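Participant: Okay, handing you the structure first.
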Amino acid sequence: MIEGQIALIRRELWEHRAIYVMPLVIALLVSLASVTGQVAVSAFDHAVDIGILGATNLGENARSAAITVLMISLSSTFVFAMWILTIFYSLDALYAERKDRSILFWRSIPSTDFETVLSKLLTALLVIPLITFVFIVLTHLVVLMATSVWLGARGANTWHLLWTAAPFIDNWTATLVFLLALSLWLSPFVGWSLFVSGFAKRSPFLIAALPIAILPLLERIVFDTTVFAEAFFVRSVKMPLFRGLDNLELLFQEGEHFKMVGDASVSLLSLLDLGRFFSSPALWLGLVVCALFTTAAIYVRRYRDDS
């Protein structure tokens, strides 16, 4: 079973190269933008030298917090792109094999509809986040190395300024947990997309998006309620994974100005509350919904034949 799933997931990577090409392109663009920004900033020689001197005199926690903000800003682009990629992959996963008739070939090999659809679900919920995480780590390293070269050329002690203060393990572990938790939290959308991909004859994106856009309007008109709209909003933007980002804001804010308050340390892992996340009824209800849609996708793939 496990060996079969590995082979089927390799098939998904072979057929859907965007799974690794898209984060690769984003990594190149982000790295290039970072280098370009450093070159542009170099024009302000006096201000840059003062800034480097000020950063050197900061405590380790303050430098660690600044690097954490940099790493978060670099990761945010990957997170947004990952979710777009996941949805479009899920919408294309079952639709494409019927469109190009490759389903006839894949049905000739000893793999069941359950195993095939499961491999696509695992690719969306597990493989894409893991590949995204790898490129996030590589981008962090490339940007910090480029920054080291730039700072070293200006006489700064890059080992003291960057590398000893960068909380790599904390940030990367928190990032990996966040990516995997995000996939679980938004799994109902993946299940729905796989189901639509299984039966749509054309335009799976339009078929998947129309109910999400129309149902809240009908609910408001017919029942004068917003239950569906609120549930969709909560599922989209209010993942119960964080203890409270207010704690992070307090580290930098004092009055109307933002700066480090005292010598407080910043840890992204300390902001994660896995107990609250896994005890959330909304998480388990979402997983049930994903399982139901995935089961429907298996049934549709078994009996839906456009050939």
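Participant: Would you please state the base-10 log of I(q)/I(0) at q = 0.16, 0.24, 0.25 1/Å for the stretch 168-208, with intensities from the Debye formula using one equal scatterer on every alpha carbon?
Facilitator: -0.54, -0.74, -0.77
Participant: While we're on this one: Between Leu24 and Phe223, how many nm apart are label points set 7 Å from Cα along the C-beta direction?
Facilitator: 4.7 nm
Participant: Output the Kirkwood hydrodynamic radius of the stretch 56-99, Cα pairs only, in Å rounded to one decimal. Don't skip to the end; give the middle numbers.
Facilitator: Details: mean 1/r = 0.0755 Å⁻¹.
It works out to 13.2 Å.
Participant: Next question, about the same structure. If R0 is 35 Å, what FRET efficiency do you get for Ala7 and Arg243 from their C-beta distance, rounded to 0.05?
Facilitator: 0.30
Participant: Find the eigenvalues of the gyration tensor of the Cα atoms of the stretch 113-216, then list the square roots of 5 times those eigenvalues as equivalent ellipsoid semi-axes, largest first, in whole angstrom.
Facilitator: Working: eigenvalues 353, 45, 31 Å².
Working from the Cα gyration tensor, I get semi-axes of 42, 15, 12 Å.
Participant: Can I ask one more? At a Förster radius of 35 Å, what calculated FRET efficiency corresponds to the Cβ-Cβ distance of Phe88 and Glu60, to the nearest 0.05? Walk me through the numbers on the way to the answer.
Facilitator: Values: r = 42 Å, r/R0 = 1.21.
After rounding to 0.05, the efficiency reads 0.25.
Participant: I've got another one for you. Expressed in nm to one decimal, what extension gain is obtained for the pair Tyr299 and Val35 from 0.36 nm per residue of sequence separation less their Cα-Cα distance?
Facilitator: Values: separation 264, 0.36 × 264 = 95.04 nm, distance 5.03 nm.
The Tyr299-Val35 span can extend by a further 90.0 nm.
Rule-based calculations on the coordinates, nothing more; no lab input. As the structure is a computational prediction, the values presented were derived from the model and not from experiment. As a convention, Cβ positions derive from the backbone with ideal geometry for all residues, glycine included, and neighbour counts pool all protein chains shown.
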